[in-house]
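Okay, structure first, notes after.
The values are calculated or read from the model by the stated rules, or taken from the named source; none is laboratory data. What you see is a predicted model, and the numbers here were worked out from it, not measured in a lab. Please note: Cβ atoms are built from the backbone with ideal geometry, for glycine as well, and neighbour counts cover all protein chains shown.
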Amino acid sequence: MAMTRRDEQLHHQADQLTRLARDLHSDEKLFILKHWNAAATNRHRTTGAWFTPLSLARDLSIGLGDSTNTVIDLCAGIGHLTWECRDLAGRLWNNQDPRRVICVEREEEYVRVGRKILPDAHWICANAFTVITDPTSYGIIDRVDVAISNPPYGRADINGTGPRYTGKRAEYHVLDAAAELAQRAVFLIPQDSAPFAYSGRQNYVEKRSDEYERFVRETGLVLKPNCGIDTHTHDDGWHYPAPRTEVVLADLQPARQEAHQPELALTAQ
Ligand SMILES: C[S@@+](CC[C@H](N)C(=O)[O-])C[C@H]1O[C@@H](n2cnc3c(N)ncnc32)[C@H](O)[C@@H]1O
């Protein structure tokens with residue numbers, strides 16, 4: 001969707017802030033998160049960078065739980081999900097140390113802006129599918145508690161695949177990749193790819209598409225519903241027409257246990 005003149009002015013102001021040499025104040029960072037618009041960069045059309053509204057990111061953060069100390073944001077953009085998933089106030093209230101956060105994003109320009117907003121995060125400017133092949137060389141030493149993501153959707157060009165899933169949906173590939181790095185996942189994915197539909201509807205229904213069944217079969221992962229988040233209520237916060245989405249949770253352990261099981265089964269015959 002084309003940017004209005006007002007959007008362009010606000011983006012310009014936000015971009016000026018990202019170029020200041022000094023550290024930014026919280027209100028300046030919030031201004032950037034709200035108004036720095038990927039549509040103003042030439043790369044937007046090829047990267048599909050639909051940044052998550054902060055209010056939706058805040059709702060998604062509920063899925064992390066109190067015991068989460070380390071978080072990795074895959075396909076992080078400029079860091080909208082990470083900003084909220086740090087839960088700074090909640091951690092302070094509970095006398096907990098700040099969460100350690102890692103952001104993986106392949107676009108240099110987004111990482112430049114992200115570093116101004118979240119200087120304490122460990123930013124990795126790389127293809128997420130390369131990072132999973134050798135995490136330690138990117139400074140990821142231990143398994144992370146939770147992987148968060150609003151990944152590219154559908155047939156977007158993601159330049160890689162997860163180790164198990166062989167289908168065509170980008171969000172499933174990123175979930176599959178997350179299992180190489182983290183214990184659990186909290187993802188925003190298209191409603192079509194979730195095994196349920198709740199957001200923007202009057203009732204909750206379970207549904208399992210053929211592609212979802214394939215994802216489960218190949219990865220061993222099962223996607224679960226969240227605590228009742230209606231993502232539709234955040235539709236006004238997107239820079240573009242809001243995609244129909246759901247927040248899904250997953251225990252990532254089964255993917256690692258079931259890795260290459262189909263090949264093992266074939267060898268045994
Ligand atoms: C839908 S946007 C979401 C950005 C951010 N997660 C958010 O919620 O605001 C998806 C992001 O994934 C990034 N991306 C796409 N493929 C990637 C890959 N293979 N490795 C790392 N980042 C990737 C894009 O550049 C884009 O910033």
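Restricting attention to the range 101-120, which residues are under 19 Å from G139 (Cα atoms) and more than 16 Å from the chain's Cα centre (by Cα)? Result: E108, R112, R115, P119, D120.
In the range 150-161, what residues are near the ligand (Cβ under 8 Å from one of its atoms) and on the phi > 0 side of the Ramachandran plot? Residues satisfying the conditions are N159, G160.
Every residue, every condition in (1) more than 9 Å from the ligand (Cβ to nearest atom); (2) over 16 Å from A185 (Cβ atoms), yes or no:
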residue	(1), (2)
L56	no, yes
C85	yes, no
G90	yes, yes
W93	yes, yes
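Scan the range 181-204 for residues that are part of a loop (DSSP other than H, G, I, E, B) and under 21 Å from V146 (Cα atoms) and the total you get is 3. If we scan the range 174-191, do we find a residue that is among the polar types (S, T, N, Q), within 30 Å of N37 (Cβ to Cβ) and within 14 Å of the ligand (Cβ to nearest atom)? No; the residues of the range 174-191 include none that is among the polar types (S, T, N, Q), within 30 Å of N37 (Cβ to Cβ) and within 14 Å of the ligand (Cβ to nearest atom).
Checking each residue in the range 105-148 for being out of contact with any Asp or Glu (no Cβ under 7 Å at 6 or more places or on another chain) and β-branched (V, I, T) picks out V113, I117, I124, T130, V131, T133, T136, I140, I141, V144, V146.
On the stretch given as the range 8-40, residues that are at pLDDT 95 or above and in a loop (DSSP other than H, G, I, E, B) total 8. In the set E105, E8, only one residue is within 12 Å of the ligand (Cβ to nearest atom) and without any contact (Cβ under 8 Å) to a residue 60 or more places away in the chain; that residue is E105. The one condition from (1) modelled with pLDDT of 95 or more; (2) assigned to a loop (DSSP other than H, G, I, E, B) that C227 does not meet is (1).
Of the residues making up the range 191-209, those that are more than 10 Å from V248 (Cα to Cα) and not polar (S, T, N, Q) are D192, A197, Y198, G200, R201, Y204, V205, E206, K207, R208. Here R164 fulfils each of the conditions (1) surrounded by fewer than 21 Cβ atoms within 10 Å (Cβ to Cβ); (2) away from the ligand (no atom under 14 Å from the Cβ) apart from (1). For G77, the conditions (1) of a type outside the set (A, V, I, L, M, F, W, C); (2) within 13 Å of the ligand (Cβ to nearest atom); (3) over 18 Å from A128 (Cβ atoms) are fulfilled apart from (3). Considering the range 63-93, the residues that are on the phi > 0 side of the Ramachandran plot and under 12 Å from the mean Cα position of the chain (by Cα) include one that is surrounded by the most Cβ atoms within 10 Å (Cβ to Cβ), namely G79. Screening L223 on (1) more than 16 Å from the ligand (Cβ to nearest atom); (2) of a type in the set (A, V, I, L, M, F, W, C); (3) within 23 Å of T52 (Cα to Cα); (4) surrounded by fewer than 18 Cβ atoms within 10 Å (Cβ to Cβ) shows it passes everything except condition (4).
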